[in-house]
1. Give just the number: which of (1) more than 14 Å from chain C (Cβ to nearest Cβ); (2) part of a loop (DSSP other than H, G, I, E, B) does A:A170 not satisfy?
2. Kindly provide the set of residues from the stretch A:154-180 that are loosely packed, with under 14 Cβ neighbours inside 10 Å and without any contact (Cβ under 8 Å) to a residue 60 or more places away in the chain, ordered by number.
3. Report, by residue number, each residue of the stretch B:53-80 that is among the hydroxyl-bearing types (S, T, Y) and either closer than 29 Å to B:L120 by Cβ or surrounded by fewer than 14 Cβ atoms within 10 Å (Cβ to Cβ) (or both).
4. State whether one or more residues within the stretch B:83-97 are at the interface with another protein chain (Cβ under 9 Å from one of its Cβ atoms) and in a helix (DSSP H, G or I).
5. Answer yes or no: is there a residue in the stretch C:123-131 that is within 26 Å of B:L54 (Cβ to Cβ), in contact with a Lys or Arg (Cβ under 8 Å, 6 or more places away or on another chain) and buried (at least 21 other Cβ atoms within 10 Å of the Cβ).
6. So, in the stretch C:161-170, of the ones that are farther than 11 Å from B:L54 by Cβ and touching a helix residue (DSSP H, G or I) at 6+ places or on another chain (Cβ under 9 Å), which residue ends up nearest to the other protein chains (Cβ to nearest Cβ)?
7. Looking at the stretch C:197-207, which of its residues are within 9 Å of chain B (Cβ to nearest Cβ) and aliphatic (A, V, I, L, M)?
Amino acid sequence: MRLLASALFATSLLIAPGCTRSESDARPTIVASFYPLAWAAERVAGSGYRVVNMTPAGAEPHDIELSPRDVKEVRDAHLVVYLSGGFQPAVEDAVADRDGPSVDARGDDTDPHVWLDPVRFSRVVAELGRALGRPEAARRVEAELRELDRRYRVALRNCMRSTFVTDHAAFGHLARRYGLTQLALTGVSPEAEPAPRDVERLVDQVKATGAPVVFAEPLLSNRLAETVAREAGVHVSSLDPIEGLSAERLGEGADYESVMLDDLDALTKALGCR
Amino acid sequence: MSLAVLLAGVSFGYRPGQRVLEHVDLQLGEGEFVAVAGPNGGGKTTLMRVLLGLERPTAGTALLFGEPAHRYSGRRPLGYLAQRSVVGGDAPVTVREVVTAGRVTSRRLVGRVTREDGRLVADALERVGLGAVADAPLRTLSGGMQQRAFIAKALAARPALLVLDEPTTGVDAESQESLAELLADLHGELGVTIVYVSHEFGAVEHHVQRIVLVRRNIVFDGPPHDLPGMWHDPGHVHVRE
Amino acid sequence: MFESEFMRLALAAGAIVGVLAPAVGFFLVQRRQSLVGDGIGHVAFAGVAAGILLDVSPILTALVAAVLGGVAIELLRSRGGAAGDQALAIVFYTGIALGVVLVAEAGALNVDLFQYLFGSILTITRSDLALIAALGAAGIAMIAVLYRAFAAVIIDEEGARVAGLPIGSLNVALAALAAVTIALSMRVVGILLVAALMVLPVSAAGRVAWSMRSTLVLSTAIGVASALAGLTISYYADLPPGGTIVLTAAGVYLVALGVSAVRGR
């Protein structure tokens with residue numbers, strides 16, 4: 001059954017990347033280049049807008065390709081919210097070709113994962129509110145993010161350890177915000193296989209932190225994380241950088257906030273917080 | 001005398017409508033030493049392939065030791081030196097390895113080299129006079145000696161029927177003579193049925209009892225001394241109307 | 001180096017593939033059937049992409065795809081003639097195109113395809129090794145059993161045919177062996193370098209060996225040595241292991257080339 005569902009899912013990816021517009025939907029479109037931005041856009045824009053996520057559910061947004069139809073959608077949209085700086089070059093190119101407002105979530109940050117820090121993410125929400133002329137809605141979302149931030153701060157206040165291990169360096173913003181240290185097995189995006197002694201060094205580092213778990217993100221294969229974890233005598237657990245959510249999880253009602261809370265739960269366990 | 005080969009009304013073409021062979025009737029008795037000759041492109045090789053069961057006749061019957069040739073069970077071993085060529089691949093292969101390969105048949109496809117295998121291989125090598133160079137790589141030998149290696153390979157299977165197609169390609173005149181004598185000796189000693197196919201049969205003419213000329217069908221079939229003088233030059237062979 | 005389990009697993013996997021790949025490559029090269037190996041490699045990669053899309057173990061789907069593809073390619077190739085060639089070309093290019101599309105879609109899911117292209121020997125698990133060992137042993141056993149038959153076909157195909165050898169079935173068996181080998185070798189050196197591991201040790205051995213059997217034995221010896229030495233070098237020199245293994249094999253080939261030149265062959 002799962003095989004059939006996956007086959008249909010795969011076929012749908014082939015046939016229709018991006019959403020199809022029904023004839024009767026006359027609302028203005030906001031194009032968001034991947035999930036967290038789409039989440040924010042939906043909350044701020046409300047039902048008067050149609051929000052389109054350029055990255056299909058469950059796909060990794062990094063380096064996505066855009067079909068000609070996608071490019072047209074970007075060009076014609078009322079507003080585009082995206083992340084510049086090489087995260088999704090195809091989207092950047094499409095945005096450059098467009099006249100019309102856009103919101104760039106990148107700011108000055110070198111690490112693209114800005115949405116994992118609720119306070120930093122608030123700035124994107126605020127800018128969305130300005131661009132859409134919906135300051136009230138934006139403030140409501142910012143309040144939710146502040147609450148998220150509060151819960152993080154409280155939960156992570158009293159912990160035995162401050163270092164957590166991830167398979168790639170997605171959580172820099174989060175770590176900085178809450179005074180934690182992220183030990184990443186690879187860089188900002190999944191990389192080539194390291195050399196043998198690099199693996200050994202990582203294992204030693206993991207052991208040195210005393211971390212009971214190596215975190216890996218759900219969307220990617222985690223061979224390196226599993227190998228390092230096995231050598232270090234710890235297990236692998238999921239920490240979601242929320243670059244996208246699979247159709248399954250969206251169907252279960254998961255969203256940015258719920259996953260951030262799941263991640264908080266995983267972190268508090270790994271760091272031994274009271 | 002029982003028949004090694006029976007071809008009756010055999011016609012064959014590689015493509016529909018093509019007539020490489022037409023209405024061929026041929027009988028080879030066991031223990032005969034026959035030369036098959038004819039112009040290039042006249043169908044000699046094709047005739048051998050049909051005879052050996054490598055191709056199925058489009059019309060007529062081809063029997064090998066009484067069985068349909070293309071479904072031959074291998075009851076009596078066969079030997080075939082195809083018109084060739086060199087041994088496939090660039091791997092160095094020793095003479096002994098070539099001859100030992102002759103021990104592999106459909107009836108003995110897997111299994112290690114037995115003592116019996118070794119004995120028959122050594123025997124075959126001696127017969128063709130390659131005993132001294134058995135462990136030399138094949139490519140270090142002359143054309144004539146390489147051919148002997150392949151003859152030894154065919155012999156190792158103890159064939160009841162041995163077909164050689166253009167065995168003199170790349171072999172100098174003197175070696176051709178000694179090759180013909182070797183075959184004659186084998187024929188005399190072992191009673192193997194030998195079919196020697198060549199577009200020119202001067203070397204074996206004195207050793208064979210029978211010559212068959214092929215040009216789409218059998219144009220001549222009889223003892224060498226019956227062969228009209230002008231037909232010694234195969235370029236002058238006419239199709240009988 | 002031996003203290004880390006992942007290195008021990010890598011060395012074991014490398015050794016097994018180091019024996020199997022050249023052994024199978026030996027027959028492919030002698031039969032001038034590198035096209036079959038090429039085609040299988042592409043089909044295997046399409047199989048990986050299919051496995052990723054379907055959330056099934058990619059090495060398993062690669063294996064299935066490789067075997068089916070290899071057998072199909074072999075059956076079409078042996079049909080011979082223009083029709084056989086055309087059909088083969090169609091399957092070949094359709095396979096590659098399918099692979100491109102599937103890979104693009106799998107790339108949309110962005111699992112790290114890099115590891116399938118270039119190998120991931122350092123992340124081999126114990127169960128991976130068990131599979132590699134089992135299939136590797138089966139493959140080597142099959143070669144041992146069929147060696148004389150394969151050799152007979154290489155030495156004299158027409159003669160083998162007349163002797164009643166099932167040439168078609170042997171070719172299919174070889175294609176299946178090649179498929180399994182490629183699927184396994186994918187973990188060690190990646191799809192892009194599989195052919196190198198199958199061919200380089202064979203070419204090296206062919207330069208200095210003195211018989212067919214010694215060529216085969218030497219090929220596998222060089223294969224194992226390249227894998228083990230390559231891994232060791234990558235360890236101490238901090239280099240990617242898959243590429244280092246193949247470079248080591250290339251180095252051995254150059255040495256063999258030099259030796260044969262000196263000998264005057």
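1. The single condition A:A170 does not satisfy is (1).
2. A:V154, A:G179
3. Going residue by residue through the stretch B:53-80, those that are among the hydroxyl-bearing types (S, T, Y) are B:58, B:61, B:72-73, B:80.
Scanning the stretch B:53-80 gives B:T61, B:Y72, B:S73, B:Y80.
4. Just the residues of the stretch B:83-97 that are at the interface with another protein chain (Cβ under 9 Å from one of its Cβ atoms), to begin with: B:83-85, B:87-94, B:96-97.
From the residues that got through so far, the ones that are in a helix (DSSP H, G or I) too are B:96-97.
So far as the stretch B:83-97 goes, yes, one or more of its residues are at the interface with another protein chain (Cβ under 9 Å from one of its Cβ atoms) and in a helix (DSSP H, G or I).
5. So the first thing to find is which residues in the stretch C:123-131 are within 26 Å of B:L54 (Cβ to Cβ), and the list is none.
No: zero hits.
6. It comes out as C:A163.
7. Keep residues of the stretch C:197-207 that are within 9 Å of chain B (Cβ to nearest Cβ), which gives C:202-203, C:205-206.
C:V202, C:A205, listed by residue number.
Table: residues versus (1) touching a residue at least 24 places away in the same chain (Cβ under 8 Å); (2) touching a Phe, Trp or Tyr at 6+ places or on another chain (Cβ under 8 Å); (3) surrounded by fewer than 16 Cβ atoms within 10 Å (Cβ to Cβ); (4) farther than 19 Å from C:L9 by Cβ.
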residue: A:R197; (1), (2), (3), (4): no, yes, no, no
residue: A:V214; (1), (2), (3), (4): yes, no, no, no
residue: A:P218; (1), (2), (3), (4): yes, no, no, yes
residue: A:A225; (1), (2), (3), (4): yes, yes, no, no
residue: A:G233; (1), (2), (3), (4): yes, no, yes, no
residue: A:L245; (1), (2), (3), (4): yes, yes, no, yes
residue: A:Y256; (1), (2), (3), (4): yes, yes, no, yes
residue: A:L267; (1), (2), (3), (4): yes, yes, no, yes
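The values are calculated or read from the model by the stated rules, or taken from the named source; none is laboratory data. Here the structure is a predicted model, which means the values were calculated and not measured. Methodologically, a virtual Cβ is constructed for each residue, glycine included, from the backbone with ideal geometry; neighbour enumeration extends over all protein chains shown.
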